[in-house]
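Inspection log for the structure reproduced underneath, given as structure tokens.
Quick note: the coordinates plus some simple rules give every number you see, no bench work behind them. These figures come from a predicted structure and were not determined experimentally. Quick reminder, even Gly has a Cβ in these numbers, built from the backbone with ideal geometry, and neighbours come from all protein chains shown.
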Amino acid sequence: MIITRLKLKNWKNFRNIDVNLMDRTYIIGPNAVGKSNFLDVFRFVKDIAKSGGGLQKAVDDRGGITKLRCLQARSDTEVSIILFLEEGEVKWVYELAFKAQGKGKQLINITKEIVKKDDEIVINRPDKNDKKDQLQLTQTHLEQILANKNFRDISDFFSSVTYLHLVPQLLKYANEIGVGKIEDDPFGQGFLERLATVQAKTRDAWLRKIQASLSIAVPQFSELKFERDKLGMPHLEARYNHWRPNAGWQREDQFSDGTLRLIGLVWALLEKRQLLLMEEPELSLNNEIVRYIPEIMESTLRGARNQKQVIISTHSPALLNNNIDGNSIILLYPTGNGTEARHPNQDELNTMSAGFSPAEVMLPLTSPENIDKIAKV
Amino acid sequence: MLDISIASEDTLSEATLTKIVASLEKFRIVNKLGRSDGCGNIIKNIEKYNALSRIHYVMVMLDLDLKPDEDEFLASIYRKLKRKEDKLLFSVPVREVESWILADKKGLSDFLIIAEKKIDDNPDQLLDPKEKIVNLAKKGKNHEARMGIPPKMGSAAKVGIFYNTLLKGFVNETWSIERARANSPSLNKTLSLLEQIA
């Protein structure tokens, strides 16, 4: 299943946007324009759909409705998310709109929850039950196993959304930093435990794949393996061809940031999830490697049982200096009325058809107008 | 409005060419290309620019640098093309865009705070106009330019770290195309080329 289109109203920076999504989608834009907030929509529906999730908690975890709603939302304070999905011939639409109750505990009330399958309405809320018992409007049908049985497919799809933005320092200095892990581990703190839960045979096969990539990217690198220490804690160990031949194995806390990022990137692609969100995969990586990220994605995903959709936010010219389909790019740009989103226009697509890369055509548009002045501050 | 894309090798050239094209008030700039590619790559990828010029005008700006002859330089580029499109235009500063900047003597003397007579009359004939600007900035009374345009002592760089930003500011705010074209035949040639397009 893939998400083919997304409409947002009053979601974080976005007052009103309507964009198409492809099996690979690249999100570009200047800093603080809302690239992470864009990705957060998909994490949000996951947080509703996953077990132990739910709408109230998903909103709470984001600091409540006031943090989640667009600042530009004045008269109309409803937040609305519409997702269009496709699996083969089957088309789904999931629409959710909600706002705060405006009294008491400020619970979140659903103002609309609509599911359509091939244009036929599967659910359309509020319905008569909701009218009888208003409390029902505090829970989506998406989060309820009994209620979502006619659209379990999309509920399962949402639950499987993966976000990985591996922060090497969190992994390397886990003990020293000593902060609690965030639910779903978006920043890779618990990456090793994630590795540990995968069946040994699968894990070894995946590590062999990662090892093959690494030995190309890091020439002195020779071997990668999964180990548990005496206390049973999981570790990654790598061996390098070294000037000291018996230098031995190194643990993950000695890996370079780039090595860890590359391991995280390939691992996330290998996991059998349907929608993968990648935040700036270029970080810590040499441009020569970044250049190949689109190809690494294709070759790693090839033959995967679940055809995966990947949404990537990036600033990287090296990454976009590829033969990427111009239609798969979403440019976010700030306006007085919140962030707007658009695809390349006909002029820009024509320029790409003439042979220019998305990096050449689109990235210059993400540069703030007065960027020259930044050095004078 | 006529559609045009411009291509240049660095941000200072881009700012200068943008101002020139905009000054004619008949073009809509569709793309600003080239500089993310790095220098030298424009010529390598010239066929792409040629392909784009099937859609609309494309002006490619390439410094002559130390090459002896402009016609010969352009001929060497044309030879790389299967068939040069009519709308593919070339702008060739002699020897680099800095001579166009030097060509507005009044503007530059106001900016650097230096006597106008210290600035050369025929900047297209300078072998190293960049170095010229650096030396003028060193002598000028504009403190910011004196500190930012020349390289730091002992630096391996040819120009200072604020060079592009300061000169771009000058081009955008002060530089006069009309004053400059009178002193630079190569700038005048680019302008005439753009003026002829109807």
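Modelled spin-label separation between A:THR66 and A:ARG302, with each label point placed 7 Å from Cα along the Cα-to-Cβ direction: 5.3 nm.
Using the structure shown, select from B:LYS67/B:LYS118; A:LYS7/A:LYS67; A:LYS91/A:LYS209; B:LYS32/B:LYS158 the pairs with a Cα to Cα distance greater than 31 angstrom.
On the way: B:LYS67/B:LYS118 27 Å; A:LYS7/A:LYS67 19 Å; A:LYS91/A:LYS209 35 Å; B:LYS32/B:LYS158 26 Å.
Correct reply: A:LYS91/A:LYS209.
Let me know the shape class of the stretch A:72-150, please: from the alpha-carbon gyration tensor, a ≥ b ≥ c as square roots of the eigenvalues, rounded when a/c is under 1.5, otherwise prolate if a/b is greater than b/c, or oblate.
Details: a/c = 2.56, a/b = 1.49, b/c = 1.72.
Taking the square roots of the gyration eigenvalues as a ≥ b ≥ c, the stretch A:72-150 is oblate.
In plain terms, chain A is cut at each of the trypsin sites (Lys or Arg not before Pro) found in a DSSP loop with at most 14 other Cβ atoms within 10 Å, and the longest leftover piece is A:106-180. In this entry, the stretch B:97-181 is assigned a mean projected area of 5.1 nm², taken as a quarter of its C-alpha convex hull surface.
Lys and Arg at +1, Asp and Glu at -1: add these up for the other residues within a Cβ distance under 10 Å of B:GLU98 and post the number.
Result for the local shell: -1.
Where does chain A land at 222 nm, in deg cm²/dmol rounded to the nearest 500, when only DSSP H runs of n ≥ 4 count, each adding -39500 (n - 2.57), divided by all residues?
For chain A, the value works out to -8000 deg cm²/dmol.
Principal-axis analysis of the Cα atoms of chain B puts helix B:163-173 at an angle of about 80° to the longest axis. Among the residues of A:355-363, the average count of other protein chain beta-carbon atoms within 10 Å of the residue beta-carbon is 5.
Looking only at chymotrypsin sites (Phe, Trp or Tyr not before Pro) in DSSP loops with at most 16 other Cβ atoms within 10 Å, what is the longest site-free stretch of chain A?
On the way: sites that count: A:TYR173, A:TRP243.
Free of exposed loop sites, the longest segment is A:1-172.
Helical runs assigned H by DSSP (4 residues or longer) give chain B a calculated mean residue ellipticity at 222 nm of -13500 deg cm²/dmol, each run adding -39500 (n - 2.57) before division by the residue total.
Between 0 and 90 degrees, rounded to the nearest ten: what's the tilt of helix B:11-23 against the longest Cα principal axis of chain B? Tilt relative to chain B: about 70 degrees.
Compared with the dominant principal axis of the Cα atoms in chain A, helix A:35-49 is inclined by about 70°.
For the stretch B:9-83, which GluC sites (Glu not before Pro) are both in a DSSP coil and crowded by at most 12 other Cβ atoms within 10 Å? Before the final figure, lay out each step's value.
Numbers: sites: B:GLU9, B:GLU14, B:GLU25, B:GLU47, B:GLU70, B:GLU72; in loops: B:GLU9, B:GLU25.
Those that pass, being in a loop and sparsely packed, are B:GLU25.
Cα extents for chain A along the principal axes, largest to smallest and rounded to whole angstrom: 75, 53, 48.
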